[in-house]
1. For the residue pair Gln386 and Asn245, what label-to-label distance in nm results when each label sits 7 Å from Cα along the Cα-to-beta-carbon direction?
2. Once every DSSP H run of n ≥ 4 in the chain is given -39500 (n - 2.57) and the sum is divided by its residues, what mean residue ellipticity at 222 nm do you get, rounded to the nearest 500 deg cm²/dmol?
3. Take every DSSP beta bridge whose two residues both sit in the chain, then give the antiparallel share in percent to the nearest 5.
4. What FRET efficiency do you get for Arg252 and Asp467 if R0 is 60 Å and r is their Cβ-Cβ distance, rounded to the nearest 0.05?
5. Phe374 accessible area, nearest 10 Å², 1.4 Å probe?
6. Where the only charges are on Cβ atoms (+1 Lys, Arg; -1 Asp, Glu), what is the dipole of segment 384-534 about its Cα centre, to the nearest 20 debye?
7. Rounded to the nearest 0.05, what FRET efficiency do Arg44 and Lys551 give with R0 = 25 Å and r taken as the Cβ-Cβ distance? Could you check?
8. With just the Cα atoms of segment 159-289, tell me how far they stretch along each of the three principal axes, in Å, largest first.
Amino acid sequence: MHASETDLKTFLADSGLISKKDLDAAVADAAARKQSLSNALLSRGVLTEDALRRVQAYVFGIPFINLKEFNVPVDVLALIPEPIARTHNIIAYKKDADSLEVAMLDIEDLPSIDSVGKKTGLKILPRLTDTESIKHALVQYQKSLKDEFGDIISTEAGKIRVVAENADAPSSDDLKKMAEDLPIVRIVDTLLRHAITQSASDVHIEPMETQVLVRYRIDGILHDAMTLPKAAAAGIVARIKVLANLKLDEKRLPQDGRFKMETEAEKVSFRVSTFPTYFGEKVVMRLLRETGHGFTLEALGIHGEDLEHLHHALKQTTGIILMSGPTGSGKTTTLYTMLDILNTPTVNIATIEDPIEYQMQRVNQTQVNPEIGFTFANGLRSLVRQDPDIIMVGEIRDSETASLAINAALTGHLVLSTLHTNSAAGAIPRLIDMGVEPFLLASTIRAVIGQRLVRELKETKEEYHMDAATRAKVAKDEEFAVALQVLKEEKLVKAEQTLDDLLFYRPAASDTADEGYQGRTGIHEILTVSSAIRETILHSATSESIEDQAKKEGMHTMFEDGLYKAARGITSLEEVLRAISE
């Protein structure tokens, strides 16, 4: 039961939720492509799916439910089994004598509604919700890590200790038996599943003198998750080595491996690294969700003119597009999102990576192997003979790779890659330091994207005004003014508002236990190479001179983009300052 085209168009025009220009363009797209207005709005990135659901709920008078505001009783939640809830995005949250209210992403999913009705014997009242609410509710299905580990450890710790004490220098066979020990298998399986549920990006298993510390990196911040008995360390490491096909009896040298795990909701690849420390082997696992699509540039936080500039760069058939930023700033995810946009049946895309982090259909992906001499440079040299239209190089690390990438761009290829620099403008002098001639850079680079990740505020955030004195401690008024101007251009604030009218947001006092953040988004600066910037590269290729010229031409810095997102309530000023200072 979607809103009719007329109702939807009328509501959007009257509400001012999107600009008239965007609405007219979406209407024209819908007519030209013979698709619904809803799909046209989504494909253009004017509205997110969740925002569209809210509009539909309003137009039809259907309640829109934010499950984060509900403390759903366990017995009500359990009326719909977790696999069904995950697969069909349907959550039971409120039960009366003869009815059950369920929150859904698609209230037209009649088979799911009928199935739940037959199973419970209750009248089902569907309500619309959003994806974040569904994720929040699904987490409640999971027992807490501490409870589950507590059950396992309290009953099985004795057995683990016996195995460890009888194996001062265990052989490969002994270690394999330890890895297959039921309590060890259960501990590792629980740890991995909980890491997936918590949306962790990394799992650290760190041996200490008397215990083993387990930590998760969630939204870029490390958190202590659990401590385990020291006796469990050898078995846990052995179990992970078996899963990752590593040498069980090699404890003196670092090892790298990989394995996959499938839950009801998704497939996850774990990239495993072991490292010898004083108290034993430390294990770090990077979680990689196995999907090469699903993101959009808008969902990554790119908006407005920056989005237009990046789309223009992606339409080029030759040249280089670079991502810059430190480790863990989301460069690879943005690269794959751009590849997904470029991935059409008319082009041949090839990549050379270390490691392959996402798997994409119709893309020829290759992983380097320095141990046998297969480096980025050697791989790229061979790759250009494979008739590619688009090449993605995981990282430009040395002068040889840089020269080959430039040469590929000059000979009719579009090249995407990453570089470790602090800013977009800093990528140019970095490449010159690697030995690339400035005139080659001026003629090949199409765009450089600087990126950082900031944590997103929960919906329970609180707003506050910032006076001029406080603003001066954070940044210049000119930088705040840029953010305000972008807000006005995107019609998110009124034209007559001033800096003193700007609202900012911070975690609500009640959220101090978990810091009041959930999820991450990007802050960006996109440097496009104009004729004036080409001249600057040729004559004064310092990052300061390039950035100054780019700012004269309207480039918004990462900090200014951060101020814009802080004023929109997406993140806090503290998060922006933390990310920029890294």
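The values are calculated or read from the model by the stated rules, or taken from the named source; none is laboratory data. For clarity, every value in this text was computed on a predicted model and none was experimentally measured. Glycine gets a Cβ as well: all are built from the backbone with ideal geometry, and neighbour counts include every protein chain shown. Note: areas computed on protein heavy atoms with side chains; ligands, DNA, RNA excluded. Shrake-Rupley method; radii C 1.70, N 1.55, O 1.52, S 1.80 Å.
1. 1.9 nm
2. Result for the chain: -12500 deg cm²/dmol, rounded to the nearest 500.
3. Around 65 percent of the beta bridges assigned by DSSP in the chain are antiparallel ones.
4. 0.50
5. The accessible area comes out at roughly 60 Å².
6. Value, rounded to 20: 260 debye.
7. Computed FRET efficiency for Arg44 and Lys551 comes out at 0.30.
8. Computed over the Cα atoms, the extents are 39, 28, 26 Å.
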